[in-house]
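For reference, the structure discussed in these notes is given below.
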């Protein structure tokens, strides 16, 4: 198929990076095109670059005079048959146009512009330096290395925090690179993880990999994209979008922190990066390694069913041992009001911090809430400041000269002098703690401590984040206060105490995976403590210490948590025992939205065996960015192809131009 030539007057299907399927074009004289060739074609009043898919053998259904001619070929650029198959399968699974997936593959508009050639890096010549591996690590390396060149396989690298999973898959990557023309993709959930990771990679391989994420420049994106296509890029490290690069000879995918919710793309084309990575491996007939200390319930279930293999690392590397975990019952240990204001740290946690500061060991305080206070209300009448564009309360940032922000649409306003409801002045109360408020308390309690606070509001560049992580690693920081940005994958040898300010926060989520997310997050946070020779300790402040999830975390008993979670999911017919599909509708016109929801409800697939449909209901965020929002939910038996049900249902209605409809197969976020 790849070598099939199309010549003069053949009508071929050309896929363009727009929301559509392929268009018909005529091959002109003196031009031969092949499947996967990039071509420039006229579209409306401009030119677009697309990819040749196949010859059109179906009747046109319209006059041939309306078929436009290919303008030119883009030389030296071509997608493989595997890449085209992957585009098609991703589109089919996620119920979107193939053109939308091609747009992700092509990366950006300026890709084919004529540019001044950039100086090429020196030839890729890694000289791998392997550390001494434990017997468990050696066994895992041997098992995983045998998967190379043996076709498609999925293997979970299941290792507790600090067990050396990275060293294992580095060894496997080194084996893969012994074949001189192969490429390896390492996927990470977030850009913030790349700093320490790249340093470790360079220590092991002597060179840096090629990067792919939203933080690199356009010139870097262009150069890196091309080096992936021509095979110069041997190891690629990237976030979920790196999955769609045009690999010349991909031989292995490693997906680190496979459980992480950041692999789920919620904007544009909605897809689960982990699942699409498994699909990519199956299309390319290569192995994929899923690495995690807290694997997702879906992955664990696939291991239990024998669909995925597994290798385990049950001990921390070297002399390190798992930290002790204490649950602090905040009902019995409520913080006292201090001179500077309300306190949020229990006396137990404060005492632990004092002890660690005395022996010059590091402390991390974790709270996954940006800003100073999550709620601003009038203490006179109870009126709460709300975003005018969304049905959410504004978050206060900084105590002095307070600005209030919406973390959904970006709306920002200074704290008003007068309450708009009761007319009284200076009655605002800032309710609850955000990371800035914890920082204020820590600075008041420990004025001599060197403190760094890390959240996406405060750290606005990767360079700044890398510098802070360097300082922490070099023990130039005493207390680190951080949000989720800090809990994944970082290794700080002198960090021996982790304090979780609000362990119950994730339970309030509208997600069916709230328990799972809480277990994973708190286990990962806890795993930052005691990763070297000094033993670690974790203090989790909670109002629900008897909760089964909290007890599983305290006792380091993942099996008990997984067993209960699988039991609950099976009883409620939720994933992994069913497939979910969500339809999310939004419109600026409330009446139009309600009328369309009524029409869609009339066609709801009711009465089919193994199919349940629910809705419409208001989304938890029922008004977002000046749009009203509604949701439907489809729950089907695992044996049923949910995409067929959704397509048939949606084909029965005409979507108004003022209504935006999104389909989310395997929804994670129910907002």
Residue set 599, 613; condition more than 21 Å from residue 270 (Cβ to Cβ) and not assigned by TED's automatic domain parsing to the domain that holds residue 506; output residue 599
TODO: Answer yes or no: is there a residue in region 422-430 that is surrounded by fewer than 17 Cβ atoms within 10 Å (Cβ to Cβ), within 19 Å of residue 366 (Cα to Cα) and either touching a strand residue (DSSP E or B) at 6+ places or on another chain (Cβ under 9 Å) or in the same structural domain as residue 360 (by TED's automatic domain parsing) (or both).
DONE: no
Within region 4-43, residues more than 28 Å from residue 94 (Cα to Cα) and under 37 Å from the mean Cα position of the chain (by Cα) come out as 42
### Message
Within region 330-346, does at least one residue satisfy the condition of being at pLDDT 90 or above, exposed (fewer than 12 other Cβ atoms within 10 Å of the Cβ), out of contact with any strand residue (DSSP E or B) (no Cβ under 9 Å at 6 or more places or on another chain) and assigned by TED's automatic domain parsing to the domain that holds residue 539?
### Response
yes
Discussion item. For the structure I just gave you, tell me whether residue 598 is farther than 24 Å from residue 511 by Cβ and free of Cβ contacts under 8 Å to residues at least 40 places away in the same chain.
Written reply: yes
Within region 619-648, restricting to residues that are part of a helix (DSSP H, G or I) and in contact (Cβ under 8 Å) with a residue 60 or more places away in the chain, the one that is surrounded by the fewest Cβ atoms within 10 Å (Cβ to Cβ) is 647
Could you tell me whether residue 198 is outside any helix (DSSP H, G or I) and on the phi < 0 side of the Ramachandran plot? no
Here the residues within region 570-594 that are closer than 11 Å to residue 659 by Cβ, surrounded by fewer than 19 Cβ atoms within 10 Å (Cβ to Cβ) and touching a residue at least 40 places away in the same chain (Cβ under 8 Å) are 588, 589, 592
Could we say that residue 465 is more than 22 Å from residue 554 (Cβ to Cβ), within 27 Å of the chain's Cα centre (by Cα) and in a loop (DSSP other than H, G, I, E, B) here? no
Condition test on residue 601, is it farther than 30 Å from residue 304 by Cβ, at pLDDT 95 or above and surrounded by fewer than 17 Cβ atoms within 10 Å (Cβ to Cβ)?
-> yes
Filtering region 98-109 down to residues that are more than 21 Å from the chain's Cα centre (by Cα) and surrounded by fewer than 19 Cβ atoms within 10 Å (Cβ to Cβ) yields 109
Just one listed residue, out of 267, 275, 232, is assigned to a helix (DSSP H, G or I) and either outside the structural domain of residue 493 (by TED's automatic domain parsing) or farther than 19 Å from residue 152 by Cα (or both), and it is 275
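Can you name every residue in region 491-505 that is under 10 Å from residue 541 (Cβ atoms) and either touching a helix residue (DSSP H, G or I) at 6+ places or on another chain (Cβ under 8 Å) or at pLDDT below 90 (or both)?
Of everything in region 491-505, those that are under 10 Å from residue 541 (Cβ atoms) and either touching a helix residue (DSSP H, G or I) at 6+ places or on another chain (Cβ under 8 Å) or at pLDDT below 90 (or both) turn out to be 499, 500, 501, 503, 504.
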Mind checking whether some residue in region 370-378 is part of a loop (DSSP other than H, G, I, E, B) and surrounded by fewer than 17 Cβ atoms within 10 Å (Cβ to Cβ)?
no
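This table checks each residue for (1) within 17 Å of residue 314 (Cα to Cα); (2) buried (at least 18 other Cβ atoms within 10 Å of the Cβ).
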{"site": "538", "(1), (2)": "no, yes"}
{"site": "541", "(1), (2)": "no, yes"}
{"site": "552", "(1), (2)": "yes, yes"}
{"site": "559", "(1), (2)": "yes, no"}
Original post:
Out of all the residues in region 263-271, is one or more closer than 25 Å to residue 662 by Cα and surrounded by 22 or more Cβ atoms within 10 Å (Cβ to Cβ)?
Top reply: yes
Among residues of region 287-329 being in contact with a strand residue (DSSP E or B) (Cβ under 8 Å, 6 or more places away or on another chain) and part of a loop (DSSP other than H, G, I, E, B), the residue farthest from residue 492 (Cα to Cα) is 307
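On the given criteria, is residue 162 at positive phi and either in contact with a strand residue (DSSP E or B) (Cβ under 9 Å, 6 or more places away or on another chain) or part of a helix (DSSP H, G or I) (or both)?
So residue 162 does not fit the description; no.
The values are calculated or read from the model by the stated rules, or taken from the named source; none is laboratory data. Bear in mind that the values here come from a model prediction, so they are computed numbers and not experimental data. Please note: Cβ atoms are built from the backbone with ideal geometry, for glycine as well, and neighbour counts cover all protein chains shown.
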